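*Asks:* Following this message is one structure expressed as structure tokens.
The values are calculated or read from the model by the stated rules, or taken from the named source; none is laboratory data. Because the structure is predicted, anything quoted here is derived from the model rather than measured. Neighbour counts run over all protein chains shown; Cβ positions are idealised from the backbone, glycine included. Just the protein is used for accessible areas: all its heavy atoms, side chains included, with ligands, DNA and RNA removed. Shrake-Rupley method; radii C 1.70, N 1.55, O 1.52, S 1.80 Å.
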Amino acid sequence: MAKILLAGGAGYIGSHTAVELLHAGYEVAVIDNFMNSSPEAIRRVEQITGKHVALYEADVRDREAVAAVFRAEKIDAVIHFAGLKAVGESVKKPLMYYRNNIDTTLTLLEVMEEFGVKNVIFSSSATVYGEENAVPYIETMKRGVCSNPYGWTKAMMEQIFEDAAKADPALSVILLRYFNPIGAHESGMIGEDPLGIPNNLMPYVTQVAVGKRECLTIFGNDYPTKDGTCMRDYIHVVDLAKGHVKAVDYIMHQHCVEVFNLGTGTPYSVTEIVETFERVNQVKVNHVYGARRDGDLAEFYANADKAERLLGWHTEKTLDDMCRDSWNWQRQNPNGFQAAE
Ligand code: NAD
Ligand code: WQD
């Protein structure tokens with residue numbers, strides 16, 4: 001069976017993707033420097049699946065270290081998850097974001113070229129649609145003007161992949177634009193484990209519910225939406241992971257340069273997330289309404305038809321599943337992977 005290299009595979013989305021790839025019969029190798037993750041996540045992936053993951057601790061910017069992995073493993077396709085992803089931090093430390101995100105991409109592409117590996121799938125983001133495209137976002141729209149350096153790194157990396165594919169007609173590229181991944185594996189053994197104060201909504205909600213933080217601030221309730229709070233396309237991370245398996249199946253069978261939205265197509269408001277979380281889990285989430293957060297859009301969600309049409313992928317999990325599984329993970333691991341390290 002084909003072997004897939006996950007760069008940044010110990011992280012939130014990479015670890016869930018590793019599980020689904022192993023279930024589907026693929027072999028998996030991971031390179032990660034654990035700057036935002038723990039090797040424990042990969043141990044748990046092995047426990048869940050009963051299968052082995054070839055794990056390499058290395059910086060994906062380190063060309064020699066990455067080449068050593070390609071020499072040791074016969075890689076058929078690469079999925080590039082490795083990157084920094086905190087929007088607010090990227091505004092304060094833009095150079096760190098450009099350096100890490102762009103360099104990892106260039107290094108991977110260079111080493112792939114050196115070893116003749118021709119299939120790559122990239123973790124892009126709905127953020128590349130920018131501020132001016134109308135919702136729902138569809139892949140035929142042009143990339144927009146991003147509101148922060150993190151978003152620009154994604155837009156630039158998409159361009160880099162497209163240019164590399166133009167220059168090398170044998171190179172196949174799939175750009176996956178994720179919407180808002182939440183939830184966790186149903187076992188509760190792996191999940192999202194952010195460093196410090198969470199930037200994203202769901203980990204903040206679960207940390208308030210478990211008593212680690214006092215109160216969630218809902219950023220703005222005066223948006224032009226049904227209840228005044230922002231609306232997003234939340235997608236269960238296991239559905240998202242299965243989207244990667246479909247993308248790997250696809251790229252292994254034909255040459256392609258394609259972009260796919262991975263979302264559900266249905267937006268929910270922040271208030272709906274909090275209310276659903278409280279109802280499904282029978283737990284209270286203290287919250288207050290506060291000021292808008294800079295750069296937030298009122299609403300965005302996917303047109304996910306292309307992924308259904310070409311990849312045969314659609315989401316299966318409900319918002320109840322997302323809230324239940326996020327809580328199950330947090331409750332079983334109040335300190336994330338830390339306690340197990
Ligand atoms: P994550 O931080 O959990 O995972 C990223 C992984 O990359 C981590 O394990 C980190 O240690 C590793 N990494 C970062 N820089 C590295 C380097 N130079 N060398 C080696 N390893 C490195 O994030 P995630 O939520 O799993 O996101 C995965 C990818 O998907 C990222 O590229 C992110 O930008 C993108 N994405 C995430 C979301 C989201 O909301 N989670 C949405 C859209 C896109
Ligand atoms: C969701 C909603 C907040 C925290 C970001 C990136 C995007 C993609 C996914 C990577 C918003 C509200 C949040 C809180 C709140 N990532 N919120 N209180 O901003 O939609 O998207 O992550 O590519 O590029 O921009 O996600 O989880 O931060 O916020 O009210 O404490 O929750 O205002 O409406 P966002 P998020």
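*Asks:* So Glu308 fits all but one of (1) open to solvent by 40 Å² or more (accessible area, probe 1.4 Å); (2) of a type in the set (Asp, Glu); (3) closer than 22 Å to Ala209 by Cα; what number is the exception?
*Replies:* It is condition (3) that Glu308 fails.
*Asks:* Answer yes or no: is there a residue in segment 82-101 that is within 18 Å of Asn199 (Cα to Cα), open to solvent by less than 20 Å² (accessible area, probe 1.4 Å), among the polar types (S, T, N, Q) and in contact (Cβ under 8 Å) with a residue 12 or more places away in the chain.
*Replies:* yes
*Asks:* Does Leu240 fit the bill of being at pLDDT 95 or above, touching a His at 6+ places or on another chain (Cβ under 9 Å) and surrounded by fewer than 23 Cβ atoms within 10 Å (Cβ to Cβ)?
*Replies:* no
*Asks:* Pull up segment 168-187, narrow it to residues that are among the polar types (S, T, N, Q) and more than 17 Å from Lys85 (Cβ to Cβ), then point me to the one that is surrounded by the most Cβ atoms within 10 Å (Cβ to Cβ).
*Replies:* Going through the qualifying residues, I end up with Ser172.
*Asks:* Looking only at segment 185-196, count how many residues are touching a Phe, Trp or Tyr at 6+ places or on another chain (Cβ under 8 Å) and over 13 Å from Ile48 (Cα atoms).
*Replies:* The qualifying residues number 2.
*Asks:* For segment 122-142, how many residues are under 20 Å from the mean Cα position of the chain (by Cα) and polar (S, T, N, Q)?
*Replies:* Keep residues of segment 122-142 that are under 20 Å from the mean Cα position of the chain (by Cα), which gives 122-130, 136-139.
Of the ones still in play, those that are also polar (S, T, N, Q) are 123-125, 127.
Of the residues in that region, 4 qualify.
*Asks:* Looking only at residues that are polar (S, T, N, Q) and over 17 Å from Leu319 (Cα atoms) in segment 203-228, which one is most open to solvent (accessible area, probe 1.4 Å)?
*Replies:* Restricting to residues being polar (S, T, N, Q) and over 17 Å from Leu319 (Cα atoms), the top hit is Asn221.
Results for (1) outside any helix (DSSP H, G or I); (2) of a type in the set (D, E, K, R); (3) under 22 Å from the mean Cα position of the chain (by Cα), shown as yes or no for each residue.
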residue: Val60; (1), (2), (3): yes, no, yes
residue: Ala68; (1), (2), (3): no, no, no
residue: Val78; (1), (2), (3): yes, no, yes
residue: Ser90; (1), (2), (3): no, no, yes
residue: Asn101; (1), (2), (3): no, no, yes
residue: Val117; (1), (2), (3): yes, no, no
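*Asks:* Out of the residues in segment 183-202 that are within 14 Å of the chain's Cα centre (by Cα) and acidic (Asp, Glu), which is farthest from Glu316 (Cα to Cα)?
*Replies:* Checking each candidate, the answer is Asp193.
*Asks:* Report whether or not Gln254 is away from ligand 1 (no atom under 16 Å from the Cβ), surrounded by fewer than 21 Cβ atoms within 10 Å (Cβ to Cβ), free of Cβ contacts under 8 Å to residues at least 40 places away in the same chain and not small (Gly, Ala, Ser).
*Replies:* Working: away from ligand 1 (no atom under 16 Å from the Cβ): yes; surrounded by fewer than 21 Cβ atoms within 10 Å (Cβ to Cβ): yes; free of Cβ contacts under 8 Å to residues at least 40 places away in the same chain: no; not small (Gly, Ala, Ser): yes.
Considered against the rule, which asks whether it is away from ligand 1 (no atom under 16 Å from the Cβ), surrounded by fewer than 21 Cβ atoms within 10 Å (Cβ to Cβ), free of Cβ contacts under 8 Å to residues at least 40 places away in the same chain and not small (Gly, Ala, Ser), Gln254 comes out as no.
*Asks:* Any residue in segment 37-52 that's among the hydroxyl-bearing types (Ser, Thr, Tyr): show its pairings with residues that are crowded, with 16+ Cβ neighbours inside 10 Å and part of a helix (DSSP H, G or I) at Cβ separation under 7 Å, as long as the two are six or more apart or on different chains.
*Replies:* From residues that are among the hydroxyl-bearing types (Ser, Thr, Tyr), the pairs are Thr49/Val19; Thr49/Leu22.
*Asks:* Could you grab the pairs with beta carbons closer than 7 Å, sequence gap of 6+ or different chains, first residue in segment 312-341 and on the phi > 0 side of the Ramachandran plot, second one in a loop (DSSP other than H, G, I, E, B)?
*Replies:* Close Cβ pairs satisfying both conditions: Gly336/Asp193.
*Asks:* Restricted to segment 126-155, and to residues that are in contact with a strand residue (DSSP E or B) (Cβ under 9 Å, 6 or more places away or on another chain) and among the hydrophobic types (A, V, I, L, M, F, W, C), which residue is nearest to ligand 2 (Cβ to nearest atom)?
*Replies:* My answer is Ala126.
*Asks:* Right, another one. Show the residue pairs that are 6+ apart or on different chains and have beta-carbon atoms under 6 Å apart, the first residue being within segment 186-198 and more than 10 Å from ligand 1 (Cβ to nearest atom), the second being hydroxyl-bearing (Ser, Thr, Tyr) and open to solvent by 40 Å² or more (accessible area, probe 1.4 Å).
*Replies:* Pro198/Tyr204
*Asks:* So, in segment 328-341, how many residues would count as being at pLDDT 95 or above, farther than 16 Å from Pro194 by Cβ and open to solvent by less than 50 Å² (accessible area, probe 1.4 Å)?
*Replies:* 1
*Asks:* What tally of residues in segment 156-182 results from selecting those that are more than 12 Å from ligand 2 (Cβ to nearest atom), in contact with a Leu (Cβ under 7 Å, 6 or more places away or on another chain) and either aromatic (Phe, Trp, Tyr) or within 30 Å of Val205 (Cα to Cα) (or both)?
*Replies:* Number satisfying all stated conditions: 1.
*Asks:* Specify which of the listed residues (Ile190, Ile235) is modelled with pLDDT of 95 or more, in contact with a Lys or Arg (Cβ under 9 Å, 6 or more places away or on another chain), in a loop (DSSP other than H, G, I, E, B) and open to solvent by less than 10 Å² (accessible area, probe 1.4 Å).
*Replies:* That would be Ile190, the only listed residue that is modelled with pLDDT of 95 or more, in contact with a Lys or Arg (Cβ under 9 Å, 6 or more places away or on another chain), in a loop (DSSP other than H, G, I, E, B) and open to solvent by less than 10 Å² (accessible area, probe 1.4 Å).
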